[in-house]
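Worksheet: one structure, shown below.
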Amino acid sequence: MKFPISVTLNGRRYQREVEPRQLLVHLIRDLGGVTGTKIGCDTSQCGACTVLLDGVAVKSCTALSVQVDGASITTIEGLAVDGQLHPLQEAFWNKHGLQCGYCTPGMILAAHELLRTNPQPSDEQIRHGLEGNMCRCTGYQNIVRAVREAAAMRRKG
């Protein structure tokens with residue numbers, strides 16, 4: 001049995017029939033050919049699958065596709081506008097907040113949520129805001145620096 005849903009992914013509207021058990025992460029990767037949303041642990045422990053669902057960061061391995069009917073989803077690919085990197089993407093690049101890159105999309109979208117709710121976080125608040133996202137490469141120092149720089153860039157306009 002399949003259910004019809006309609007979602008907006010990175011500004012583009014899609015209509016699909018989905019099985020009730022299909023995870024959102026699989027729908028995202030199948031719909032628009034976007035692969036920045038990673039399938040990490042399937043248990044919500046690593047955060048590699050983090051996306052913005054109606055502007056709020058969620059782990060897409062914990063949501064079912066049928067639950068997002070009518071929603072707007074933004075992935076890491078949807079943050080850049082007209083080829084211009086989002087300030088968080090730019091800051092991660094500038095501050096070397098990535099190494100292998102596997103966790104980077106989830107980290108950036110979790111940081112996006114943090115800065116949406118707290119535009120001037122302390123380093124401790126940044127670390128707390130990213131607790132649900134694991135990185136096995138960087139030791140987090142450069143990630144914190146990148147989020148701090150993105151917050152400063154946002155304040156400057």
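Taken together, the values in this text are just the output of simple stated rules run on the coordinates, not laboratory data. Predicted model only: the values in this text are computed from it and were never measured. With ideal geometry, Cβ positions are generated from the backbone for all residues, glycine too; neighbour counts draw on all protein chains shown.
Return the whole-Å distance between the Cα centroid of region 120-137 and the Cα centroid of region 35-59.
Value for the Cα centre distance between the two parts: 15 Å.
Please work out the ratio of the alpha-carbon Rg of the chain to 2.2 N^0.38 Å and round it to two decimals.
Against the empirical 2.2 N^0.38 Å value, I get 1.03 for the chain.
Which residue, LYS95, LYS59, LYS38, tops the fluctuation ranking in a GNM of the chain built on C-alpha contacts under 10 Å?
Checking each option, the largest mean-square fluctuation is seen for LYS95.
Just how many % of Cα pairs in region 63-155 lie over 20 Å apart, if you round to the nearest whole percent?
34
Check which residues have an amide H placed less than 5 Å from LEU9's amide H, if you skip close sequence neighbours.
TYR14, ILE73
Starting from the coordinates of the alpha-carbon atoms of region 21-112, obtain the Kirkwood hydrodynamic radius over all distinct pairs and give the value in Å to one decimal. Don't skip to the end; give the middle numbers.
Working: mean 1/r = 0.0754 Å⁻¹.
Final number for the Kirkwood radius of region 21-112 is 13.3 Å.
Counting other C-beta atoms within 10 Å, which of MET107, MET1 has the fewest, and how do the rest follow?
Values: MET107 28, MET1 5.
The order, fewest Cβ neighbours first, is MET1, MET107.
Using the beta-carbon distance between CYS100 and THR43 and R0 = 25 Å, what value does 1/(1 + (r/R0)^6) give for FRET efficiency, to the nearest 0.05?
The value I calculate is 0.80.
Give me, ordered by chain and number, the residues 5 or more places off VAL18 or on other chains with an amide H under 5 Å from its own placed amide H.
PHE3, ILE5
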